[in-house]
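Okay, handing you the structure first.
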Amino acid sequence: MSGTREKLTLPNGGDKLLLHSCCAPCSGELMEAFVESGIDYTIFFYNPNIHPLKEYELRKQENIRFAEKHGVPFVDADYDTDNWFARAKGMENEPERGIRCTMCFDMRFERSALYAHKHGFKVMTSSPGISRWKNMAQINDCGHRAAAPYDGLTYWDYNWRKGGGSSRMIEISKREQFYQQEYCGCVYSLRDSNRHRVAQGRGKIKFGVLFYGDETG
């Protein structure tokens, strides 16, 4: 496996961690790193941005499968899409990594921080930042902003890509044959991804077809 994992210690004197997970491929490396370091953690799955419902369920069930493999508690939060669309109003044509994405991270991390506060977690973190397609600074800003209202709660902005983390993410995904999503998640990301594919002469995205490590997908 690529690189050597660093022995992890929770900041802020935390004894347990809440991990906001966006999907199994992004969170797989974090999950195995936490297990290896003996960190007690819980997964919080709150992603009402994911569209359509079929794609949402595919991503969620893959994450549940991997959580069960490691015996990790999994909190299945609301799929309140109406709330997400209300907050995205007027941002429909914003580019990836723009203000719509900031809104989306804010929304998901705010709910994660609230859950952490109510259930005695001193530390929270998130998985999207391990992806090279994401702006890590944007994600960390949103995480810190979400945790700020709660005394004693810290957003852990560890760089999950370093030390071979990004490579291990792919290796784990292939080993586990995780479902491989082909767009960020929201309806606007799907729209723009399909426009790009069609412009290249490729077919539109199909749900539930592509899996890591499956050469026939």
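Could you list, in sequence order, all residues of the stretch 27-86 that are of a type in the set (Phe, Trp, Tyr) and closer than 23 Å to Leu10 by Cα?
So in the stretch 27-86, the residues of a type in the set (Phe, Trp, Tyr) come out as 34, 41, 44-46, 56, 66, 74, 79, 84-85.
Residues satisfying the conditions are Phe34, Tyr41, Phe44, Phe45, Tyr46, Phe66, Phe74.
Tally the residues that are acidic (Asp, Glu) and out of contact with any Ser or Thr (no Cβ under 7 Å at 6 or more places or on another chain), restricting the search to the stretch 160-217. Step through it out loud before you land on a result.
Our first condition is that a residue be acidic (Asp, Glu); within the stretch 160-217, this holds for 171, 176, 182, 192, 214-215.
After this cut, where a residue has to be out of contact with any Ser or Thr (no Cβ under 7 Å at 6 or more places or on another chain) as well, the list is 176, 192, 214-215.
The number of residues fulfilling the criteria is 4.
Okay, moving on. Of all residues in the stretch 178-214, which are in a loop (DSSP other than H, G, I, E, B), in contact (Cβ under 8 Å) with a residue 40 or more places away in the chain and either among the acidic types (Asp, Glu) or under 15 Å from Glu96 (Cβ atoms) (or both)? Lay out the reasoning, then the answer.
So in the stretch 178-214, the residues in a loop (DSSP other than H, G, I, E, B) come out as 178, 180-186, 200-210, 212-214.
Now narrow it down to the ones that are in contact (Cβ under 8 Å) with a residue 40 or more places away in the chain: 178, 180-181, 184-186, 207-208, 212-213.
Scanning the stretch 178-214 gives Gln181, Cys184, Gly185, Cys186.
Sticking with this one: Does at least one position in the stretch 103-118 carry a residue that is loosely packed, with under 13 Cβ neighbours inside 10 Å and either assigned to a helix (DSSP H, G or I) or at pLDDT 95 or above (or both)?
The answer is yes, given that some residue of the stretch 103-118 is loosely packed, with under 13 Cβ neighbours inside 10 Å and either assigned to a helix (DSSP H, G or I) or at pLDDT 95 or above (or both).
Only one of Arg175, Arg132 is touching a residue at least 12 places away in the same chain (Cβ under 8 Å), part of a loop (DSSP other than H, G, I, E, B), out of contact with any strand residue (DSSP E or B) (no Cβ under 6 Å at 6 or more places or on another chain) and within 23 Å of Phe211 (Cβ to Cβ). Can you tell me which?
It is Arg132.
Any idea which of Lys122, Lys174 is at pLDDT 95 or above and more than 19 Å from the chain's Cα centre (by Cα)?
On the way: Lys174 fails: more than 19 Å from the chain's Cα centre (by Cα).
Only one candidate passes the filter, namely Lys122.
What tally of residues in the stretch 157-172 results from selecting those that are surrounded by 20 or more Cβ atoms within 10 Å (Cβ to Cβ) and assigned to a loop (DSSP other than H, G, I, E, B)?
The qualifying residues number 1.
Here is a further query. Has the stretch 141-154 got any residue that is under 24 Å from Ser193 (Cβ atoms) and in contact with a helix residue (DSSP H, G or I) (Cβ under 7 Å, 6 or more places away or on another chain)?
Step one: of the stretch 141-154, the residues under 24 Å from Ser193 (Cβ atoms) are 142.
Keeping just the survivors that are in contact with a helix residue (DSSP H, G or I) (Cβ under 7 Å, 6 or more places away or on another chain) gives 142.
Checked against the condition, which is being under 24 Å from Ser193 (Cβ atoms) and in contact with a helix residue (DSSP H, G or I) (Cβ under 7 Å, 6 or more places away or on another chain), the stretch 141-154 yields at least one hit.
Name the residues in the stretch 119-128 that are in contact with a Ser or Thr (Cβ under 7 Å, 6 or more places away or on another chain) and part of a loop (DSSP other than H, G, I, E, B), would you?
Just the residues of the stretch 119-128 that are in contact with a Ser or Thr (Cβ under 7 Å, 6 or more places away or on another chain), to begin with: 122-124, 127.
Listed by number, the residues that qualify are Lys122, Ser127.
Do any strands (runs of 3 or more DSSP E) entirely within the stretch 5-102 hold 3 or more residues that are in contact with a strand residue (DSSP E or B) (Cβ under 7 Å, 6 or more places away or on another chain), over 13 Å from Gly185 (Cβ atoms) and touching a residue at least 40 places away in the same chain (Cβ under 8 Å), and if so, which? Break it down into steps so the answer makes sense when it comes.
Numbers: elements: 17-20, 41-45, 74-76.
Filter on the stretch 5-102 gives 17-20.
The values are calculated or read from the model by the stated rules, or taken from the named source; none is laboratory data. Keep in mind it's a predicted model, so treat the numbers as computed, not measured. Note that each Cβ is placed from the backbone with ideal geometry, even for glycine, and that neighbours are counted across all protein chains shown.
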